[in-house]
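What follows is one structure encoded as structure tokens, with my remarks underneath.
The values are calculated or read from the model by the stated rules, or taken from the named source; none is laboratory data. Predicted model only: the values in this text are computed from it and were never measured. Neighbour counts are summed over all protein chains in view; Cβ atoms, including those assigned to glycine, are modelled from backbone coordinates with ideal geometry. What goes into the accessible areas is simple: the full protein's heavy atoms, side chains included, and nothing from ligands, DNA or RNA. Shrake-Rupley method; radii C 1.70, N 1.55, O 1.52, S 1.80 Å.
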Amino acid sequence: MIPTRSLAMLALAALTTTPALGQDWKADYQVVRFGVLSGENEKDRVQRYDGLKSYLEKTLGVKVELFTAGNYDGVVQALAANQIEFSFLGSSAYAAAWSETKGGVIPLLAAEDADGTSGYYSTIVTRCADDYKNVEDLKGKVLAFADPDSTSGYAVPFYNLVQQGFGDGFFSATPFSGSHEAGVQGVANGTFDAAATYENSDTRGIPQRMVLKGMLKDGVICKIWESPEITNGPFTARANLPEALIDDMRDALETFPTADKAAFDAMVSNEIGGDNPVAGYTRVDHDHYQWIIDMRDWLKEQRRRS
């Protein structure tokens, strides 16, 4: 039998040699990877998130890598295959990841605007010169969706348009452009008659960002339809990560807007533009996105019937 005093000394030694809880994960995760969806071209994505990458490396004390893919599903599959630890996701991409992993992802934070709002809108845009006034004017025309896993670029507009009577046969074709920018550019170039994308307000969104970046001339693209408000997509973690890693990453991103304001402003400026920029992040949970999962289930049922 070990004497009581010896047991106490062993316990004390264990306490003093065990790393702090927040440091435990670093032995197994010397590189932390986060994904970014394909809302814009890869060069701009990498450049825009470079400041965040440097901030996270300094704050977390490990190497951080940015993961991009040609479409939304590439990021979702990377989460499901444990190839990345975290990702910025849209609401529908989160729902896809949650379904693909059977609940193996956790939403952590969503972007919050300066006025306290944390939502955006799916829109349908056309060439202003075509003078379309509403969706009814698009009968027999080509409407491009962005990506099958895009909330604002596919799930929300498709769901709402069907509910409003613009279902099978109304449009001549509904292809996927691959990204929001590609869809809007396709409209400007005449490849598509209309495209689904998103806006935060009348002065902030994908078309406005493209004007700021010199990709479009102002006044070329006009909005003719807008959805109900959509909760901003979450920064998401794999559920099988150490709790301390999830907590440390959440804390780091939550303080990013004030801890490195220049890098944060650089990250969000090209994304939104205009008035009332993103001010920071608010904590969210799965309940914020359950309706998106329900909507995706409805979409799957429609595909099975077709």
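Beta carbons closer than 9 Å, at least 6 apart along the sequence or on distinct chains, pair a first residue in region 289-306 that is free of Cβ contacts under 8 Å to residues at least 60 places away in the same chain and open to solvent by less than 80 Å² (accessible area, probe 1.4 Å) with a second that is of a type in the set (S, T, N, Q) and part of a helix (DSSP H, G or I) for Asp297/Ser99.
Checking the structure you have, find out if any residue of region 255-267 is open to solvent by 20 Å² or more (accessible area, probe 1.4 Å), closer than 23 Å to Ser91 by Cα, more than 18 Å from the chain's Cα centre (by Cα) and of a type outside the set (Asp, Glu). For region 255-267, residues open to solvent by 20 Å² or more (accessible area, probe 1.4 Å), closer than 23 Å to Ser91 by Cα, more than 18 Å from the chain's Cα centre (by Cα) and of a type outside the set (Asp, Glu): present. So in region 111-129, with the set limited to residues that are at pLDDT 95 or above and over 18 Å from Gly153 (Cα atoms), which one is surrounded by the most Cβ atoms within 10 Å (Cβ to Cβ)? Among those that are at pLDDT 95 or above and over 18 Å from Gly153 (Cα atoms), it is Cys128.
Modelled with pLDDT of 95 or more, within 30 Å of Lys53 (Cβ to Cβ), open to solvent by 10 Å² or more (accessible area, probe 1.4 Å) and out of contact with any Asp or Glu (no Cβ under 9 Å at 6 or more places or on another chain), is that true of Ala188? For Ala188, the condition - modelled with pLDDT of 95 or more, within 30 Å of Lys53 (Cβ to Cβ), open to solvent by 10 Å² or more (accessible area, probe 1.4 Å) and out of contact with any Asp or Glu (no Cβ under 9 Å at 6 or more places or on another chain) - is not met. Being touching a His at 6+ places or on another chain (Cβ under 9 Å), in a strand (DSSP E or B) and open to solvent by less than 50 Å² (accessible area, probe 1.4 Å) is not true of Thr236.
Listed here are the residues, each with its yes/no results for (1) in contact with a strand residue (DSSP E or B) (Cβ under 7 Å, 6 or more places away or on another chain); (2) β-branched (Val, Ile, Thr).
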site	(1), (2)
Ala195	yes, no
Ile224	yes, yes
Arg238	yes, no
Pro242	no, no
Met249	yes, no
Met267	no, no
Val278	yes, yes
Val284	yes, yes
His288	yes, no
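Scanning region 191-209 for residues that are crowded, with 23+ Cβ neighbours inside 10 Å and either free of Cβ contacts under 8 Å to residues at least 60 places away in the same chain or assigned to a loop (DSSP other than H, G, I, E, B) (or both) returns a single hit, Phe192. Here is the figure for region 41-66: residues that are hydroxyl-bearing (Ser, Thr, Tyr) and more than 21 Å from the chain's Cα centre (by Cα) total 1. Note on region 130-162: residues that are part of a helix (DSSP H, G or I), closer than 25 Å to Trp98 by Cα and open to solvent by 40 Å² or more (accessible area, probe 1.4 Å) amount to 3.
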